[in-house]
Amino acid sequence: MIIRFLQILFFFIIASSKAMATTVPSYSYSEMYMYDNQDDNNECDHNVSDDLIPDPFYIINKNIFNINLLIDNAFISPATEIYIFVVPAPARNRVGNFMSNLGEPINFFNLLLQGKFKQANISLTRFTTNTVLGCLGVLDVASKVNLPYKGEDFGQTLAQYKAPTGPYIVAPILGPTSLRDLTGKVVDFFIDPFKYAMKRSERNAINVAWLLHKRAGAKNVIKTIKSSIDPYETAKVLYIQNRVSLIND
Amino acid sequence: MQLIKNYIIRICFIFTIIIANISFATASNDAANYINDLAERVINIVKKTDLEEKEKESILNEIFIQNVDVKWIGRFAMGKFWRRITPDQQEKFLTIYSDYLTGLYVPNFRKYTGNKVKIVNATEVRPNEFLVQTLLTDSTNNLEIKINYMIIKNGNDFDDFIIFDIIAEGVSLITTQRAEINSTMSNNDFNGLINLLIRKTASSSK
(Lines give C-alpha, C1' and ligand atoms only; values in the text may rest on other atoms or scores of the structure.)
Protein backbone atom coordinates (compact mmCIF):
# COMPACT_ATOMS: atom_id res chain seq x y z
CA MET A 1 0.00 0.00 0.00
CA ILE A 2 2.76 2.38 1.02
CA ILE A 3 4.70 1.50 -2.12
CA ARG A 4 1.61 2.35 -4.16
CA PHE A 5 1.32 5.67 -2.32
CA LEU A 6 4.99 6.37 -2.96
CA GLN A 7 4.51 5.57 -6.63
CA ILE A 8 1.65 8.10 -6.82
CA LEU A 9 3.76 10.62 -4.91
CA PHE A 10 6.69 10.04 -7.28
CA PHE A 11 4.34 10.56 -10.22
CA PHE A 12 3.15 13.88 -8.73
CA ILE A 13 6.72 15.07 -8.17
CA ILE A 14 7.79 14.11 -11.70
CA ALA A 15 4.69 15.77 -13.18
CA SER A 16 5.33 18.94 -11.17
CA SER A 17 9.02 19.09 -12.13
CA LYS A 18 8.17 18.60 -15.83
CA ALA A 19 5.71 21.47 -15.68
CA MET A 20 8.32 23.63 -13.96
CA ALA A 21 10.84 22.83 -16.70
CA THR A 22 9.09 25.33 -19.00
CA THR A 23 10.68 28.79 -19.11
CA VAL A 24 9.46 30.74 -16.12
CA PRO A 25 9.95 34.52 -16.14
CA SER A 26 12.50 35.61 -13.56
CA TYR A 27 10.52 38.59 -12.29
CA SER A 28 8.12 38.28 -9.41
CA TYR A 29 4.94 40.29 -8.82
CA SER A 30 5.67 40.83 -5.16
CA GLU A 31 9.37 41.64 -5.51
CA MET A 32 9.14 44.70 -7.70
CA TYR A 33 11.25 46.80 -5.36
CA MET A 34 14.32 44.81 -6.26
CA TYR A 35 13.88 45.89 -9.90
CA ASP A 36 13.56 49.52 -8.82
CA ASN A 37 16.96 49.37 -7.17
CA GLN A 38 18.88 47.42 -9.78
CA ASP A 39 20.43 50.35 -11.65
CA ASP A 40 20.48 52.88 -8.85
CA ASN A 41 24.24 52.96 -8.49
CA ASN A 42 24.77 53.14 -12.20
CA GLU A 43 25.65 56.69 -13.25
CA CYS A 44 24.96 55.96 -16.88
CA ASP A 45 21.27 55.52 -17.68
CA HIS A 46 21.63 52.73 -20.20
CA ASN A 47 18.60 51.22 -21.90
CA VAL A 48 16.98 47.98 -20.69
CA SER A 49 17.40 46.35 -24.12
CA ASP A 50 21.19 46.84 -23.83
CA ASP A 51 21.06 44.10 -21.18
CA LEU A 52 19.49 41.82 -23.79
CA ILE A 53 21.70 42.75 -26.76
CA PRO A 54 24.52 45.32 -27.13
CA ASP A 55 23.86 48.17 -29.56
CA PRO A 56 27.24 49.80 -30.32
CA PHE A 57 26.07 51.01 -33.76
CA TYR A 58 23.05 52.80 -32.28
CA ILE A 59 23.31 55.94 -34.43
CA ILE A 60 23.79 54.08 -37.73
CA ASN A 61 21.12 51.53 -36.74
CA LYS A 62 18.62 54.22 -35.83
CA ASN A 63 19.16 56.03 -39.14
CA ILE A 64 18.69 52.79 -41.11
CA PHE A 65 15.62 52.02 -38.97
CA ASN A 66 14.10 55.42 -39.82
CA ILE A 67 14.85 54.92 -43.52
CA ASN A 68 13.25 51.44 -43.32
CA LEU A 69 10.16 53.02 -41.75
CA LEU A 70 9.96 55.56 -44.58
CA ILE A 71 10.35 52.81 -47.21
CA ASP A 72 7.75 50.72 -45.41
CA ASN A 73 5.26 53.58 -45.20
CA ALA A 74 5.82 54.63 -48.81
CA PHE A 75 6.08 51.30 -50.64
CA ILE A 76 5.98 48.05 -48.67
CA SER A 77 2.95 48.80 -46.48
CA PRO A 78 0.72 49.96 -49.40
CA ALA A 79 1.89 46.99 -51.51
CA THR A 80 1.05 44.66 -48.60
CA GLU A 81 -2.43 46.19 -48.30
CA ILE A 82 -2.98 45.52 -52.01
CA TYR A 83 -1.67 41.95 -51.55
CA ILE A 84 -4.07 41.38 -48.62
CA PHE A 85 -6.98 42.91 -50.59
CA VAL A 86 -6.32 41.00 -53.82
CA VAL A 87 -5.27 37.66 -52.33
CA PRO A 88 -7.87 36.29 -49.86
CA ALA A 89 -6.74 34.61 -46.63
CA PRO A 90 -7.07 30.97 -47.87
CA ALA A 91 -4.99 31.79 -50.95
CA ARG A 92 -2.42 33.60 -48.78
CA ASN A 93 -2.16 30.41 -46.71
CA ARG A 94 -1.34 28.52 -49.92
CA VAL A 95 1.35 31.09 -50.75
CA GLY A 96 2.74 30.62 -47.24
CA ASN A 97 2.72 26.83 -47.65
CA PHE A 98 4.56 27.08 -50.96
CA MET A 99 7.22 29.41 -49.51
CA SER A 100 7.65 27.26 -46.39
CA ASN A 101 8.12 24.21 -48.58
CA LEU A 102 10.85 25.97 -50.54
CA GLY A 103 12.55 26.63 -47.21
CA GLU A 104 12.48 22.97 -46.07
CA PRO A 105 15.95 22.12 -47.50
CA ILE A 106 17.42 24.93 -45.35
CA ASN A 107 15.48 23.64 -42.31
CA PHE A 108 16.70 20.10 -43.01
CA PHE A 109 20.33 21.20 -43.31
CA ASN A 110 20.22 23.24 -40.09
CA LEU A 111 18.40 20.51 -38.14
CA LEU A 112 21.11 18.05 -39.21
CA LEU A 113 23.84 20.46 -38.07
CA GLN A 114 22.05 20.87 -34.75
CA GLY A 115 21.98 17.10 -34.27
CA LYS A 116 18.15 17.05 -34.29
CA PHE A 117 17.98 13.98 -36.51
CA LYS A 118 14.35 13.10 -35.79
CA GLN A 119 13.24 16.64 -36.68
CA ALA A 120 15.52 16.55 -39.77
CA ASN A 121 13.80 13.39 -40.87
CA ILE A 122 10.39 15.04 -40.37
CA SER A 123 11.59 18.04 -42.42
CA LEU A 124 12.73 15.78 -45.28
CA THR A 125 9.50 13.78 -45.17
CA ARG A 126 7.49 17.01 -45.15
CA PHE A 127 9.34 18.27 -48.20
CA THR A 128 8.83 15.10 -50.25
CA THR A 129 5.20 14.66 -49.09
CA ASN A 130 4.18 18.25 -49.78
CA THR A 131 6.08 18.46 -53.07
CA VAL A 132 4.59 15.23 -54.45
CA LEU A 133 1.15 15.10 -52.81
CA GLY A 134 0.66 18.78 -52.03
CA CYS A 135 1.01 20.25 -55.55
CA LEU A 136 4.66 21.40 -55.14
CA GLY A 137 4.00 22.48 -51.57
CA VAL A 138 0.91 24.62 -52.18
CA LEU A 139 -1.02 22.28 -49.87
CA ASP A 140 0.42 21.38 -46.48
CA VAL A 141 -0.55 17.70 -46.54
CA ALA A 142 2.26 16.78 -44.12
CA SER A 143 0.79 18.78 -41.20
CA LYS A 144 -2.45 16.81 -41.58
CA VAL A 145 -0.56 13.56 -40.99
CA ASN A 146 1.17 14.85 -37.86
CA LEU A 147 4.41 16.10 -39.45
CA PRO A 148 4.54 19.64 -38.01
CA TYR A 149 6.56 22.44 -39.60
CA LYS A 150 9.65 23.62 -37.72
CA GLY A 151 11.58 26.49 -39.22
CA GLU A 152 15.30 26.51 -38.45
CA ASP A 153 17.97 28.86 -39.73
CA PHE A 154 21.75 29.02 -39.50
CA GLY A 155 21.50 31.78 -36.88
CA GLN A 156 19.76 29.28 -34.60
CA THR A 157 22.38 26.66 -35.48
CA LEU A 158 25.16 29.05 -34.47
CA ALA A 159 23.28 29.75 -31.23
CA GLN A 160 23.10 26.00 -30.56
CA TYR A 161 26.91 25.94 -30.74
CA LYS A 162 27.03 28.81 -28.22
CA ALA A 163 28.13 31.43 -30.73
CA PRO A 164 27.60 34.85 -29.12
CA THR A 165 24.73 37.01 -30.42
CA GLY A 166 27.08 39.84 -31.32
CA PRO A 167 25.94 43.43 -31.71
CA TYR A 168 22.45 44.47 -32.74
CA ILE A 169 22.21 45.42 -36.40
CA VAL A 170 19.39 47.02 -38.37
CA ALA A 171 19.77 45.82 -41.95
CA PRO A 172 18.33 47.87 -44.82
CA ILE A 173 14.84 46.52 -45.74
CA LEU A 174 15.37 43.31 -43.70
CA GLY A 175 15.17 45.19 -40.40
CA PRO A 176 16.31 44.06 -36.94
CA THR A 177 18.96 41.36 -36.72
CA SER A 178 22.22 40.59 -34.92
CA LEU A 179 25.69 39.86 -36.23
CA ARG A 180 25.09 36.15 -35.57
CA ASP A 181 21.71 36.11 -37.30
CA LEU A 182 22.95 38.19 -40.23
CA THR A 183 25.79 35.67 -40.69
CA GLY A 184 23.14 32.96 -40.52
CA LYS A 185 21.08 34.67 -43.24
CA VAL A 186 24.12 34.83 -45.54
CA VAL A 187 24.89 31.12 -44.98
CA ASP A 188 21.22 30.17 -45.52
CA PHE A 189 21.26 32.18 -48.76
CA PHE A 190 24.20 30.18 -50.12
CA ILE A 191 23.03 26.72 -48.97
CA ASP A 192 19.58 27.17 -50.51
CA PRO A 193 19.49 24.67 -53.43
CA PHE A 194 16.72 26.65 -55.17
CA LYS A 195 19.14 29.56 -55.48
CA TYR A 196 21.10 27.47 -57.97
CA ALA A 197 18.13 25.71 -59.57
CA MET A 198 16.10 28.82 -60.46
CA LYS A 199 16.65 31.65 -62.89
CA ARG A 200 17.42 35.07 -61.45
CA SER A 201 14.02 36.47 -62.53
CA GLU A 202 12.20 33.56 -60.82
CA ARG A 203 14.21 34.05 -57.65
CA ASN A 204 13.44 37.77 -57.63
CA ALA A 205 9.71 37.12 -58.08
CA ILE A 206 9.77 34.63 -55.19
CA ASN A 207 11.71 37.04 -52.99
CA VAL A 208 9.17 39.83 -53.60
CA ALA A 209 6.26 37.45 -52.89
CA TRP A 210 8.02 36.22 -49.74
CA LEU A 211 8.60 39.79 -48.54
CA LEU A 212 4.93 40.71 -49.07
CA HIS A 213 3.75 37.51 -47.43
CA LYS A 214 6.00 37.98 -44.39
CA ARG A 215 5.01 41.64 -44.13
CA ALA A 216 1.30 40.69 -44.25
CA GLY A 217 1.86 38.16 -41.45
CA ALA A 218 3.66 40.75 -39.34
CA LYS A 219 1.10 43.50 -40.00
CA ASN A 220 -0.18 43.69 -36.41
CA VAL A 221 3.30 43.55 -34.89
CA ILE A 222 4.55 46.35 -37.14
CA LYS A 223 1.45 48.39 -36.32
CA THR A 224 2.19 47.93 -32.60
CA ILE A 225 5.83 48.97 -33.18
CA LYS A 226 4.79 52.10 -35.08
CA SER A 227 2.17 53.00 -32.41
CA SER A 228 4.66 52.67 -29.55
CA ILE A 229 6.35 55.66 -27.96
CA ASP A 230 9.80 54.45 -29.02
CA PRO A 231 9.46 52.34 -32.19
CA TYR A 232 13.25 51.72 -32.46
CA GLU A 233 13.52 50.36 -28.91
CA THR A 234 10.29 48.36 -29.25
CA ALA A 235 11.46 46.71 -32.50
CA LYS A 236 14.80 45.83 -30.90
CA VAL A 237 13.35 44.32 -27.74
CA LEU A 238 10.63 42.42 -29.67
CA TYR A 239 13.24 41.01 -32.03
CA ILE A 240 15.66 39.79 -29.39
CA GLN A 241 12.96 38.27 -27.18
CA ASN A 242 11.46 36.40 -30.12
CA ARG A 243 14.88 35.09 -31.21
CA VAL A 244 15.66 33.85 -27.70
CA SER A 245 12.30 32.08 -27.66
CA LEU A 246 12.96 30.43 -31.05
CA ILE A 247 16.44 29.31 -29.99
CA ASN A 248 15.17 27.83 -26.71
CA ASP A 249 12.23 26.13 -28.37
CA MET B 1 3.05 -0.77 19.17
CA GLN B 2 6.10 1.11 17.85
CA LEU B 3 5.51 -0.47 14.45
CA ILE B 4 1.89 0.77 14.32
CA LYS B 5 3.01 4.25 15.44
CA ASN B 6 5.62 4.40 12.67
CA TYR B 7 3.05 3.16 10.19
CA ILE B 8 0.55 5.89 11.19
CA ILE B 9 3.25 8.60 11.02
CA ARG B 10 4.21 7.48 7.50
CA ILE B 11 0.59 7.47 6.35
CA CYS B 12 0.04 10.96 7.82
CA PHE B 13 3.18 12.22 6.11
CA ILE B 14 2.19 10.82 2.71
CA PHE B 15 -1.39 12.02 3.15
CA THR B 16 -0.17 15.58 3.90
CA ILE B 17 2.02 15.62 0.82
CA ILE B 18 -0.79 14.31 -1.37
CA ILE B 19 -3.24 16.89 0.00
CA ALA B 20 -0.64 19.63 -0.64
CA ASN B 21 -0.23 18.41 -4.22
CA ILE B 22 -3.98 18.24 -4.76
CA SER B 23 -4.49 21.81 -3.49
CA PHE B 24 -1.55 22.91 -5.64
CA ALA B 25 -3.21 21.30 -8.65
CA THR B 26 -6.60 22.84 -7.76
CA ALA B 27 -5.12 26.34 -7.53
CA SER B 28 -3.44 25.85 -10.92
CA ASN B 29 -6.72 24.57 -12.35
CA ASP B 30 -8.49 27.70 -11.08
CA ALA B 31 -5.85 29.81 -12.83
CA ALA B 32 -6.32 27.84 -16.05
CA ASN B 33 -10.12 28.15 -15.81
CA TYR B 34 -9.82 31.88 -15.20
CA ILE B 35 -7.80 32.35 -18.42
CA ASN B 36 -10.08 30.02 -20.35
CA ASP B 37 -13.21 31.91 -19.24
CA LEU B 38 -11.59 35.25 -20.00
CA ALA B 39 -10.50 34.17 -23.49
CA GLU B 40 -14.00 32.83 -24.22
CA ARG B 41 -15.55 36.10 -23.05
CA VAL B 42 -13.28 38.10 -25.34
CA ILE B 43 -13.92 35.83 -28.34
CA ASN B 44 -17.70 35.95 -27.76
CA ILE B 45 -17.69 39.75 -27.68
CA VAL B 46 -15.58 39.99 -30.83
CA LYS B 47 -17.88 37.54 -32.63
CA LYS B 48 -21.08 39.39 -31.66
CA THR B 49 -22.75 40.75 -34.74
CA ASP B 50 -25.34 42.88 -32.92
CA LEU B 51 -22.73 45.20 -31.39
CA GLU B 52 -21.20 48.26 -33.06
CA GLU B 53 -17.39 48.34 -33.30
CA LYS B 54 -17.29 51.26 -30.83
CA GLU B 55 -19.38 49.30 -28.31
CA LYS B 56 -17.14 46.25 -28.69
CA GLU B 57 -14.05 48.37 -28.16
CA SER B 58 -15.52 49.94 -25.05
CA ILE B 59 -16.39 46.51 -23.54
CA LEU B 60 -12.96 45.11 -24.45
CA ASN B 61 -11.25 48.14 -22.88
CA GLU B 62 -13.22 47.52 -19.69
CA ILE B 63 -12.26 43.83 -19.66
CA PHE B 64 -8.60 44.76 -20.19
CA ILE B 65 -8.60 47.27 -17.31
CA GLN B 66 -10.39 44.82 -14.98
CA ASN B 67 -8.17 41.84 -15.74
CA VAL B 68 -4.74 43.31 -16.42
CA ASP B 69 -2.85 44.99 -13.60
CA VAL B 70 -2.02 48.11 -15.58
CA LYS B 71 -0.84 50.01 -12.50
CA TRP B 72 1.65 47.30 -11.59
CA ILE B 73 2.84 47.12 -15.21
CA GLY B 74 3.22 50.92 -15.29
CA ARG B 75 5.36 50.84 -12.18
CA PHE B 76 7.41 47.95 -13.45
CA ALA B 77 7.88 49.71 -16.80
CA MET B 78 9.14 52.86 -15.05
CA GLY B 79 11.76 50.80 -13.22
CA LYS B 80 14.55 52.92 -11.76
CA PHE B 81 12.76 56.16 -12.73
CA TRP B 82 9.78 55.43 -10.46
CA ARG B 83 11.47 56.77 -7.34
CA ARG B 84 12.92 59.74 -9.21
CA ILE B 85 9.50 61.25 -9.90
CA THR B 86 7.13 62.80 -7.37
CA PRO B 87 3.98 61.00 -6.09
CA ASP B 88 1.85 63.44 -8.15
CA GLN B 89 3.85 62.60 -11.25
CA GLN B 90 3.53 58.88 -10.46
CA GLU B 91 -0.25 59.21 -10.30
CA LYS B 92 -0.39 61.29 -13.49
CA PHE B 93 1.83 58.77 -15.30
CA LEU B 94 -0.32 55.78 -14.27
CA THR B 95 -3.54 57.48 -15.40
CA ILE B 96 -2.15 58.38 -18.83
CA TYR B 97 -0.20 55.14 -19.20
CA SER B 98 -3.35 53.10 -18.56
CA ASP B 99 -5.05 54.71 -21.60
CA TYR B 100 -1.90 54.27 -23.69
CA LEU B 101 -1.51 50.56 -22.89
CA THR B 102 -5.20 49.87 -23.48
CA GLY B 103 -5.08 51.67 -26.83
CA LEU B 104 -1.92 49.81 -27.83
CA TYR B 105 -3.04 46.25 -27.07
CA VAL B 106 -6.87 46.07 -27.07
CA PRO B 107 -7.17 46.57 -30.88
CA ASN B 108 -5.27 43.27 -31.26
CA PHE B 109 -8.08 41.42 -29.43
CA ARG B 110 -10.54 42.48 -32.13
CA LYS B 111 -8.77 40.12 -34.53
CA TYR B 112 -9.69 37.10 -32.38
CA THR B 113 -12.64 36.20 -34.67
CA GLY B 114 -12.76 32.51 -35.49
CA ASN B 115 -9.88 31.77 -33.15
CA LYS B 116 -9.76 29.14 -30.43
CA VAL B 117 -7.80 29.08 -27.21
CA LYS B 118 -6.47 25.83 -25.80
CA ILE B 119 -5.00 25.67 -22.31
CA VAL B 120 -1.72 23.74 -22.53
CA ASN B 121 -0.55 23.89 -18.93
CA ALA B 122 -0.92 25.86 -15.71
CA THR B 123 1.66 25.91 -12.94
CA GLU B 124 2.15 27.79 -9.69
CA VAL B 125 5.64 29.22 -10.24
CA ARG B 126 5.80 31.16 -6.98
CA PRO B 127 3.31 31.39 -4.10
CA ASN B 128 0.04 32.65 -5.64
CA GLU B 129 1.76 33.37 -8.98
CA PHE B 130 0.74 31.21 -11.92
CA LEU B 131 2.03 30.66 -15.42
CA VAL B 132 -0.81 29.65 -17.74
CA GLN B 133 0.37 28.42 -21.14
CA THR B 134 -2.12 28.61 -23.99
CA LEU B 135 -2.20 27.97 -27.70
CA LEU B 136 -4.21 30.39 -29.82
CA THR B 137 -5.32 28.88 -33.11
CA ASP B 138 -5.57 31.54 -35.79
CA SER B 139 -7.76 29.82 -38.35
CA THR B 140 -7.65 32.77 -40.77
CA ASN B 141 -3.88 32.73 -41.14
CA ASN B 142 -3.46 29.01 -40.42
CA LEU B 143 -1.22 29.70 -37.43
CA GLU B 144 -0.80 28.53 -33.87
CA ILE B 145 0.44 31.21 -31.49
CA LYS B 146 1.86 30.39 -28.07
CA ILE B 147 0.53 32.87 -25.53
CA ASN B 148 1.49 32.57 -21.87
CA TYR B 149 -0.10 34.54 -19.06
CA MET B 150 1.51 35.41 -15.75
CA ILE B 151 -1.27 35.85 -13.23
CA ILE B 152 -1.50 36.47 -9.51
CA LYS B 153 -4.20 35.45 -7.07
CA ASN B 154 -5.06 38.42 -4.89
CA GLY B 155 -7.90 37.01 -2.83
CA ASN B 156 -9.78 33.90 -1.85
CA ASP B 157 -12.53 33.92 -4.46
CA PHE B 158 -12.33 31.80 -7.59
CA ASP B 159 -11.97 34.80 -9.89
CA ASP B 160 -9.60 36.89 -7.73
CA PHE B 161 -6.90 36.67 -10.37
CA ILE B 162 -5.20 39.45 -12.27
CA ILE B 163 -2.81 39.28 -15.22
CA PHE B 164 0.56 40.99 -14.85
CA ASP B 165 2.28 39.81 -18.02
CA ILE B 166 1.29 38.42 -21.40
CA ILE B 167 4.05 36.57 -23.26
CA ALA B 168 3.27 36.01 -26.94
CA GLU B 169 5.77 33.79 -28.80
CA GLY B 170 8.38 34.57 -26.17
CA VAL B 171 7.78 38.32 -26.26
CA SER B 172 6.88 39.64 -22.83
CA LEU B 173 4.58 42.64 -22.62
CA ILE B 174 6.20 44.01 -19.48
CA THR B 175 9.79 43.56 -20.70
CA THR B 176 8.88 45.41 -23.90
CA GLN B 177 7.09 48.15 -21.96
CA ARG B 178 10.00 48.52 -19.55
CA ALA B 179 12.45 48.90 -22.45
CA GLU B 180 10.19 51.45 -24.15
CA ILE B 181 9.53 53.60 -21.07
CA ASN B 182 13.14 53.45 -19.83
CA SER B 183 14.52 54.44 -23.22
CA THR B 184 12.06 57.34 -23.49
CA MET B 185 12.82 58.52 -19.97
CA SER B 186 16.57 58.35 -20.71
CA ASN B 187 16.17 60.53 -23.81
CA ASN B 188 13.46 62.90 -22.52
CA ASP B 189 12.28 64.30 -19.21
CA PHE B 190 9.05 63.29 -17.47
CA ASN B 191 6.97 65.86 -19.37
CA GLY B 192 8.42 64.62 -22.66
CA LEU B 193 7.27 61.07 -21.80
CA ILE B 194 3.77 62.27 -20.83
CA ASN B 195 3.42 64.30 -24.05
CA LEU B 196 4.51 61.30 -26.13
CA LEU B 197 2.06 59.01 -24.32
CA ILE B 198 -0.81 61.46 -24.87
CA ARG B 199 0.08 61.91 -28.55
CA LYS B 200 0.38 58.16 -29.22
CA THR B 201 -2.86 57.40 -27.34
CA ALA B 202 -4.69 60.00 -29.41
CA SER B 203 -3.33 58.63 -32.69
CA SER B 204 -4.12 55.00 -31.80
CA SER B 205 -7.75 55.87 -30.96
CA LYS B 206 -8.30 57.42 -34.41
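The values are calculated or read from the model by the stated rules, or taken from the named source; none is laboratory data. Only a predicted model underlies this, so the values are computations on that prediction, with no experimental measurement involved. Virtual Cβ from ideal backbone geometry, glycine too; neighbours counted across all protein chains shown. In case anyone asks, the SASA skips ligands and DNA or RNA and just uses the protein heavy atoms, side chains included. Shrake-Rupley method; radii C 1.70, N 1.55, O 1.52, S 1.80 Å.
Looking only at region A:187-207, which residues are touching a helix residue (DSSP H, G or I) at 6+ places or on another chain (Cβ under 8 Å) and free of Cβ contacts under 8 Å to residues at least 60 places away in the same chain? Answer for region A:187-207, where residues must be touching a helix residue (DSSP H, G or I) at 6+ places or on another chain (Cβ under 8 Å) and free of Cβ contacts under 8 Å to residues at least 60 places away in the same chain: A:V187, A:F189, A:K195, A:M198, A:R203. In region A:145-174, the residues that are under 17 Å from A:F108 (Cα atoms) reach residues that are buried (at least 19 other Cβ atoms within 10 Å of the Cβ) and of a type in the set (K, R) with C-beta atoms within less than 6 angstrom, at least six apart or across chains, in these pairs: A:L147/A:R126; A:G155/A:R180; A:L158/A:R180.
Counting only residues that are within 18 Å of the chain's Cα centre (by Cα), under 17 Å from B:L196 (Cβ atoms) and crowded, with 21+ Cβ neighbours inside 10 Å, region B:74-100 holds 5 of them. For region A:132-159, residues that are more than 19 Å from A:W210 (Cβ to Cβ) and either crowded, with 18+ Cβ neighbours inside 10 Å or of a type in the set (A, V, I, L, M, F, W, C) (or both) total 9.
A count restricted to region A:50-71 and to residues that are in contact (Cβ under 8 Å) with a residue 40 or more places away in the chain, under 15 Å from A:G166 (Cβ atoms) and not aliphatic (A, V, I, L, M) stands at 5. Can you name every residue in region A:208-221 that is open to solvent by 70 Å² or more (accessible area, probe 1.4 Å), in contact (Cβ under 8 Å) with a residue 12 or more places away in the chain and of a type in the set (K, R)? Once the filter is applied, which keeps residues that are open to solvent by 70 Å² or more (accessible area, probe 1.4 Å), in contact (Cβ under 8 Å) with a residue 12 or more places away in the chain and of a type in the set (K, R), region A:208-221 yields only A:K219. The single residue among B:V117, B:V106 that is open to solvent by less than 20 Å² (accessible area, probe 1.4 Å), away from every other protein chain (no Cβ under 11 Å) and in contact with a helix residue (DSSP H, G or I) (Cβ under 6 Å, 6 or more places away or on another chain) turns out to be B:V106. Counting the residues of region B:37-77 that are in contact (Cβ under 8 Å) with a residue 12 or more places away in the chain and outside any helix (DSSP H, G or I) gives 2. Consider B:E169 carefully, then state whether it is more than 26 Å from B:K48 (Cα to Cα), at the interface with another protein chain (Cβ under 8 Å from one of its Cβ atoms), in contact with a Ser or Thr (Cβ under 9 Å, 6 or more places away or on another chain) and open to solvent by 30 Å² or more (accessible area, probe 1.4 Å). When the stated conditions are applied, B:E169 passes them.
Within region B:134-141, identify whether any single residue is within 24 Å of B:N44 (Cβ to Cβ), within 7 Å of chain A (Cβ to nearest Cβ) and not in a strand (DSSP E or B), and answer yes or no. Taking every residue of region B:134-141 in turn, at least one turns out to be within 24 Å of B:N44 (Cβ to Cβ), within 7 Å of chain A (Cβ to nearest Cβ) and not in a strand (DSSP E or B). Residues that are at the interface with another protein chain (Cβ under 9 Å from one of its Cβ atoms) and either of a type in the set (D, E, K, R) or open to solvent by less than 40 Å² (accessible area, probe 1.4 Å) (or both) within region B:187-203 comprise B:L193, B:L196, B:L197, B:R199, B:K200, listed in sequence order. Filtered by the rule that a residue be aliphatic (A, V, I, L, M), open to solvent by 70 Å² or more (accessible area, probe 1.4 Å) and over 16 Å from the mean Cα position of the chain (by Cα), region A:160-185 gives a lone residue, A:I173.
With respect to A:S245, is the statement that it is modelled with pLDDT of 95 or more and of a type in the set (G, A, S) true? No, not satisfied. Against the conditions (1) in contact with a helix residue (DSSP H, G or I) (Cβ under 9 Å, 6 or more places away or on another chain); (2) open to solvent by less than 70 Å² (accessible area, probe 1.4 Å), A:S245 satisfies every one except (1).
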